[in-house]
1. Nearest 500 deg cm²/dmol is fine: what mean residue ellipticity at 222 nm does the chain get from its DSSP H runs of n ≥ 4 alone, each adding -39,500 (n - 2.57), divided by its residue count?
2. Counting pairs on different chains as well as pairs 8 or more places apart, how many Lys pairs in the range 1-84 have Cα atoms under 25 Å apart?
3. With the dipole of the chain worked out from charges on the C-beta (+1 for Lys and Arg, -1 for Asp and Glu) around the Cα centre, which of 103, 89, 39 lies farthest toward the positive end?
4. Pop out the ³J(HN,Hα) list for the range 22-39 in order, Karplus 6.51 cos²θ - 1.76 cosθ + 1.60 with θ = phi - 60°, rounded to Hz; leave Gly and Pro as x.
5. Working from the pairwise distances between different alpha carbons, so that the mean of 1/r is found and then inverted, what is the chain's Kirkwood radius in Å?
6. Within 10 Å, count the other beta carbons around each residue, average over each peptide in 111-124, 4-17, 46-59, and list them highest first.
7. Hey, any idea what Rg/Rh is for the range 13-54, computing Rh the Kirkwood way over Cα pairs?
8. How far is it, in nm, from the label point at residue 136 to the one at residue 51 when both lie 7 Å from their Cα along the line to the Cβ?
Amino acid sequence: MKQYVQQYNSPIGVINVICDETSILKLELNNIDVKENPNDITRHAIKFLDRYFNRENPPIDELSFKLIGTPFQVLVWQKLLDIKYGKTITYGELAKMLANEKGIKKMSPRAVGGALHKNPIPIIIPCHRVVGKNFKLVGYALGIDVKKFLLDLEKNT
């Protein structure tokens, strides 16, 4: 599968947008040693990110992305799309929602956190909207400062 890469200078650092011919595959932060070869998908993703960082709340359904992970990870990542812009839920609440959907008694918030840590498309797949108990800012692969920035950006829209 051929991949395309385009860099985006965002308020949180350089983001590499990695796509194939049809879909966004990955966003990487601060890996600036790449050779760019953009396509229409990378350009469209960058326009989306521009609008996001300009507080325009662009609709996620205008993007095409492939979630590549275990079935559990993909299930968790897809559920993140239900968390509205500017809103947060706890790891426990997300685990409870997923357990209800799967028809099981309970699910570990830690397992959910592990899946979130592997999210290949942060920001677009909004794992930053999941917070710890008592809405404490914890556990974000891009760093707590970035998580706080993104949540503040969305709150102040």
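What follows draws every value from the coordinates through simple rules; no lab data is involved. Computed from a prediction, not measured in an experiment: that's the story for all the values here. Glycine also receives a Cβ, built like all others from the backbone with ideal geometry; neighbour counts cover every protein chain displayed.
1. -11000 deg cm²/dmol
2. 16
3. 103
4. Karplus values, whole Hz, x for Gly and Pro: 10, 8, 6, 10, 6, 10, 10, 9, 6, 9, 8, 8, 10, 9, 6, 8, x, 9.
5. Answer for the chain: a Kirkwood hydrodynamic radius of 16.1 Å.
6. The most tightly packed comes first, giving 111-124, 4-17, 46-59.
7. 0.94
8. Inter-label distance under the simple model: 3.7 nm.
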